[in-house]
Amino acid sequence: MSAAIPVIAIDGPSASGKGTVAALVARALGFAYLDSGALYRVTAYAAGQRAVPLDDETALARMAQGLNLRFEGGEVFLDDAPVGDAIRTEDAGRTASKIAALPALRAALLDLQRGFRKAPGLVTDGRDMGSVVFPDATVKVFLTATAEERAQRRYKQLIEKGFDANLAALVQDLKERDARDAGRQAAPLKQGADAHLLDTTGVTIQEAVDRVLNWYRQS
Ligand code: DC
């Protein structure tokens, strides 16, 4: 049954703008939106709160499977409490990227992610949405931009949220995160042969959204 429910899978590197584009595409189509990176981020956050060692793959996977998570209005709730921007810092992203390399943890989050596929459809973003989680997605997009442009965008986002930010450190951090996310054994970040390439360097958000909507309409 669920295979008939459309999925638009948008994968790409950190700060490529895939979350913004995915949320707007979801809104345009009246589909649900799943930010899969938030699952890795909140798992890392919960591990910190519960003192689960970040290198204990079995304990992390067990914890992830039992997490009481809810997404509502762009906010993530853990045990009914909003986690807010605590999972949006660079540090939280780095820790999420480290635990995301653990195959047992990725496996533990699979069913949870697939459970978001509900009528009338789902738009989701991450690193392996088209390759592993929803291999039969209706439209697959690999959304990227140069590291410099992505760092600029992340810089703006962090400043707007009231966090400290340093552009040179952000470029360095993004390059390290790209290397770790693309170089790992389990579900590495890469453009699949069946994914449309969307390079958003110098492209407006609306243009990027329209391109994805067009691919969906033509599918
Ligand atoms: O998209 P993001 O920056 O919020 O993701 C945070 C980290 O989580 C990212 O560096 C790698 C990991 N991640 C992943 O491995 N697979 C996904 N589908 C989504 C995120």
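Side notes on the structure shown:
- Output for segment 23-41, where each listed residue is among the small types (Gly, Ala, Ser) and either more than 26 Å from residue 179 (Cβ to Cβ) or more than 10 Å from the ligand (Cβ to nearest atom) (or both): 23, 26, 28, 30, 32
- Per the listing 4, 44, 64, the residue uniquely within 9 Å of the ligand (Cβ to nearest atom) and among the hydrophobic types (A, V, I, L, M, F, W, C) is 44.
- For segment 192-202, the set of residues classified as within 17 Å of residue 14 (Cα to Cα) and crowded, with 18+ Cβ neighbours inside 10 Å consists of 198, 200, listed by residue number.
- The conditions of being more than 17 Å from residue 181 (Cβ to Cβ), at pLDDT below 95 and out of contact with any Leu (no Cβ under 9 Å at 6 or more places or on another chain) are met by residue 85.
- Looking only at segment 93-114, and only at residues there that are out of contact with any Ser or Thr (no Cβ under 9 Å at 6 or more places or on another chain) and near the ligand (Cβ under 8 Å from one of its atoms), the one that is nearest to residue 164 (Cα to Cα): 94
- Which listed residue is over 18 Å from residue 69 (Cα atoms) and at pLDDT below 95, from 165, 104: 165
- Residue list for segment 195-219, filter: in contact with a strand residue (DSSP E or B) (Cβ under 7 Å, 6 or more places away or on another chain) and either in a helix (DSSP H, G or I) or over 21 Å from residue 132 (Cβ atoms) (or both): 199, 200, 208, 211, 212, 215, 216
The values are calculated or read from the model by the stated rules, or taken from the named source; none is laboratory data. For clarity, every value in this text was computed on a predicted model and none was experimentally measured. Reconstructed Cβ throughout: ideal geometry from the backbone, glycine too, with neighbour counts over all protein chains shown.
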